[in-house]
Amino acid sequence: MTDHESSTGPEGSAARQRIDTSVPHSARIWNYWLGGKDNYPVDEAAGDAYTAVFPGIVTIARSSRAFLGRSIRHLVEEAGVRQFLDVGTGLPTVDNTHEVAQRIAPESKVVYVDNDPLVLAHARVLLTSSKEGATDYVDASLYEPDRILEAAARTLDLTRPTALILSGILGHVTDYDQARSLVRALVDGLPSGSYLSINDGSRGTDPAYEVAQDGYNETGAVPYFLRPVSQIEAFFEGLELVEPGVVSVPLWHPEKSATGEPTPIGQHGGLARKP
């Protein structure tokens with residue numbers, strides 16, 4: 001029995017019944033690129049087909065994950081944040097939000113939000129927490145910001161600074177104005193001193209990535225739209241960007257490396273404070 005088949009309880013059973021293993025799924029493909037095991041042969045085949053066209057997608061997936069970890073560490077260590085709302089969390093791999101935060105501050109509280117049945121089946125994994133802190137899982141869609149905030153308030157004190165994390169999810173929102181509206185609605189529900197962390201696929205850095213992703217979107221799979229950096233920057237409108245602002249994710253607070261300077265990729269991100 002594989003991990004994704006071992007959920008217990010009615011929620012796990014219901015989720016399994018809704019999981020279609022006959023077609024590739026973006027969250028499982030991403031999990032495959034990250035080196036995870038929660039995917040099926042159909043996802044591996046789709047992932048391999050993509051990497052055959054653009055091998056750099058594995059670097060993008062892992063660089064996005066690394067940015068998430070660095071931004072959480074900054075939030076905990078430098079900003080003193082102890083509450084996290086991670087929307088569109090995807091499948092658990094290594095260094096999930098609560099693991100990074102609670103490793104530094106065990107009292108940290110994290111609410112994960114997703115509406116993917118496979119992620120729901122793995123809720124029991126996400127719900128592990130330090131004794132001092134807490135984690136919770138909300139089965140909701142990004143398109144339901146009011147519901148997300150209401151459910152998150154059962155675990156988080158939304159009168160206290162909270163970090164909103166949107167990692168690789170906004171590209172799934174076809175309409176850009178709607179994507180901005182959803183971000184604004186979530187940020188509006190958080191108090192002054194809260195933070196917004198975003199990283200998403202971008203245009204203008206890697207033409208090969210753009211060609212590969214545009215081709216993938218035309219296959220009938222759930223599309224993911226790369227956006228100009230200026231549009232990613234606009235998600236932070238009205239907020240105070242942490243230096244160096246919105247940059248290619250390897251360039252955001254890079255860790256010292258023996259391999260030299262980090263190389264820009266088609267994935268941009270930033271972190272900003274709500275005044």
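Express in nm, to one decimal, how much length is gained between ALA49 and SER257 on full extension, taking 0.36 nm for each residue of separation and deducting their alpha carbon distance.
My answer for the length gained is 71.8 nm.
Within the chain, how many Lys pairs that are eight or more residues apart, or on different chains, come under 28 Å at the alpha-carbon?
Details: LYS37/LYS109; LYS37/LYS131; LYS109/LYS131; LYS109/LYS274.
Eligible lysine pairs with Cα atoms under 28 Å apart amount to 4.
Which whole-number percent gives the relative contact order of the range 72-181, counting Cα pairs below 8 Å spaced six or more residues apart?
Relative contact order here is 31 percent.
Once you charge only the Cβ atoms, +1 for Lys and Arg and -1 for Asp and Glu, what is the size of the charge dipole of the chain about its Cα centre, to the nearest 20 debye?
Charge dipole of the chain: 520 debye, to the nearest 20.
Charges at C-beta only: +1 for Lys and Arg, -1 for Asp and Glu. How large is the resulting dipole of the range 12-99 about its Cα centre, in Debye rounded to 20?
It comes to approximately 80 debye.
Can you pull out the trypsin sites (Lys or Arg not before Pro) in the range 36-128 whose DSSP state is coil and whose Cβ has at most 14 other Cβ atoms within 10 Å? Display every interim value, and only then the final one.
Working: sites: LYS37, ARG62, ARG65, ARG70, ARG73, ARG82, ARG103, LYS109, ARG124; in loops: LYS37, ARG82.
Those satisfying the criteria are LYS37.
Normalised by the number of residues in the chain, what is the relative contact order in percent for Cα pairs under 8 Å and 6+ residues apart?
17 percent
Let me know the charge dipole size of the range 131-188 about its Cα centre in debye, to the nearest 20, where only the beta-carbon of Lys, Arg (+1) and Asp, Glu (-1) is charged.
Dipole of the range 131-188, to the nearest 20 debye: 160 debye.
Using a Förster radius of 35 Å, what is the FRET efficiency between THR128 and ASP20 based on their Cβ-Cβ separation? Nearest 0.05, please.
So, using R0 = 35 Å, E works out to roughly 0.80.
Given the DSSP H assignment, sum -39500 (n - 2.57) over each helix run of at least 4 residues in the chain and divide by its residue total; what's the result at 222 nm in deg cm²/dmol, nearest 500?
Theoretical 222 nm ellipticity from helices: -11500 deg cm²/dmol.
Find which of PRO254, TRP33, GLY88 sits farthest along the positive direction of the dipole of the chain, computed with +1 on the beta-carbon of Lys and Arg, -1 on that of Asp and Glu, about the Cα centre.
PRO254
Solvent-accessible area per residue for the chain at a 1.4 Å probe radius, Å²?
45 Å²
Considering only DSSP beta bridges where both residues belong to the chain, give the percentage that are antiparallel (nearest 5).
Counting only bridges with both partners in the chain, antiparallel ones make up about 35 percent.
Over the chain, what percent of the accessible surface lies on carbon and sulfur atoms, probe 1.4 Å?
The computed percentage sits at 51.
The values are calculated or read from the model by the stated rules, or taken from the named source; none is laboratory data. Worth saying up front: this structure is predicted, and the values here are computed from it rather than measured. Every residue, glycine as well, gets a Cβ built from its backbone with ideal geometry; the counts of neighbours run over all protein chains shown. With ligands, DNA and RNA removed, areas are computed over all heavy atoms of the protein, side chains included. Shrake-Rupley method; radii C 1.70, N 1.55, O 1.52, S 1.80 Å.
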